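Heads up: the structure comes next, in structure tokens.
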Amino acid sequence: MAEARHDVQPIDVSSDLPPTAPESAGSALDPEPWSESWRGSAVAVEPGGPGGPGGPTATRRARFGGGGGRSVAGGRRLALIVGVTLVALILQFLVVDRVAVAVAEREMAGQIRRGALADLPCSTTPPTVSDVHIGGVPFLTQVVTGSFQDVGMTMTGLPTAGPRVERVGIDVEGVHVPMWRLATGGDGTIRVDDMRATVRMTYTDLNAYLATQPNHIQVTPVNGGESVRVSATASVPLIGDQRVSGVTTFSVRDNQVTLVPSQISLDGLIHLTIPLGGLGGLLPAIPIPVSQLPFDLTVTSAATDATGLSLAATARNIEMSTADQKPCRPTGTR
């Protein structure tokens, strides 16, 4: 019997099997399934298929979401660095600004001292200029332009022909300085638009001066300086020298201050004060010399308080030379 023969045909099963992934390493955008980045993205993928919420778009967000956080953090660091740098620059500018103010205040004090001597005899001892302050921030811009808007100072030790002046407080507006000429070693002229001053005299100094005048007048504040009482020695007809008293006012006219007694009464008779209206001429008005104030200051008003007399004075369009020589006037001239 002949054997039955069956031919076995090879069967191609490759079409029924899933495609085999290449053995080459995955690209940066498609890492291998077991890499760290793949794990992170796999956790972020949600079911739903390619078009659903867990599709490729969500997967790409999950893979690259960390990069956006790094960009935000980098921007914050940059903003912090810029902010710190700006603050440091501002602080440095302010420090330089304040140092420049201190130097300028010393120079301004010297210029004011020399300017004050211009109207005084050459034998005069220079006054002391202190408490100089220059207003305005920033200061360096004023240096660049050479214009200072607000300058204040105090002057003491100012010699006068009248009562001792305790101090002169000066406020200046509009000071124009030739910065370039001064910086290059030259001389120039400092111009001042407006100067206001308060000339201060104490009652002690005022009485010291009045004691050298006829009738030995003395003044005493009443009610905290709201009024001033005056007392003096006067020669009364038929009676002789007697103490008289009254009130006084301070008159200002043509840059002259005058003590004007009024409401005179007679003291000392049987310890009584007898009004004697007809004795007003016993105490004539007494001028108080203040005409030798620096910078040709003109007295405009007078006021009293509990401790003394304050005179308001003004001057405009003042010029001061920056030359080193002492710009005084010859003794005996005016």
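What is the residue count in the range 156-175 for residues that are in a loop (DSSP other than H, G, I, E, B) and not basic (Lys, Arg)? Talk me through it step by step, then tell me what you get.
Here is the first cut: in the range 156-175, the residues in a loop (DSSP other than H, G, I, E, B) are 157-166.
Those left that are additionally not basic (Lys, Arg): 157-163, 165-166.
Number satisfying all stated conditions: 9.
Go through the range 285-300 residue by residue and tally those that are without any contact (Cβ under 8 Å) to a residue 60 or more places away in the chain and over 20 Å from Leu158 (Cα atoms).
Adding up the residues that qualify gives 1.
Determine, yes or no, whether Leu279 is buried (at least 18 other Cβ atoms within 10 Å of the Cβ), within 24 Å of Thr220 (Cα to Cα) and at pLDDT below 85. Step through it out loud before you land on a result.
On the way: buried (at least 18 other Cβ atoms within 10 Å of the Cβ): yes; within 24 Å of Thr220 (Cα to Cα): yes; at pLDDT below 85: yes.
Yes: the conditions hold for Leu279.
Going through Gly225, Gly240 one at a time, which residue ends up being on the phi > 0 side of the Ramachandran plot and touching a strand residue (DSSP E or B) at 6+ places or on another chain (Cβ under 9 Å)?
Working: Gly240 fails: touching a strand residue (DSSP E or B) at 6+ places or on another chain (Cβ under 9 Å).
After applying the criteria, what remains is Gly225.
Within the range 191-217, which residues are of a type in the set (A, V, I, L, M, F, W, C) and either in contact with a Cys (Cβ under 7 Å, 6 or more places away or on another chain) or in contact (Cβ under 8 Å) with a residue 24 or more places away in the chain (or both)?
Going through the range 191-217, the residues of a type in the set (A, V, I, L, M, F, W, C) turn out to be 192, 195, 197, 199, 201, 206, 208, 210-211, 217.
Within the range 191-217, Val192, Met195, Ala197, Val199, Met201, Leu206, Ala208, Leu210, Ile217 qualify.
The values are calculated or read from the model by the stated rules, or taken from the named source; none is laboratory data. Computed from a predicted model, the values in this text were never measured in an experiment. All Cβ positions, even for glycine, are placed from backbone atoms using ideal geometry, and neighbour counts span all protein chains on display.
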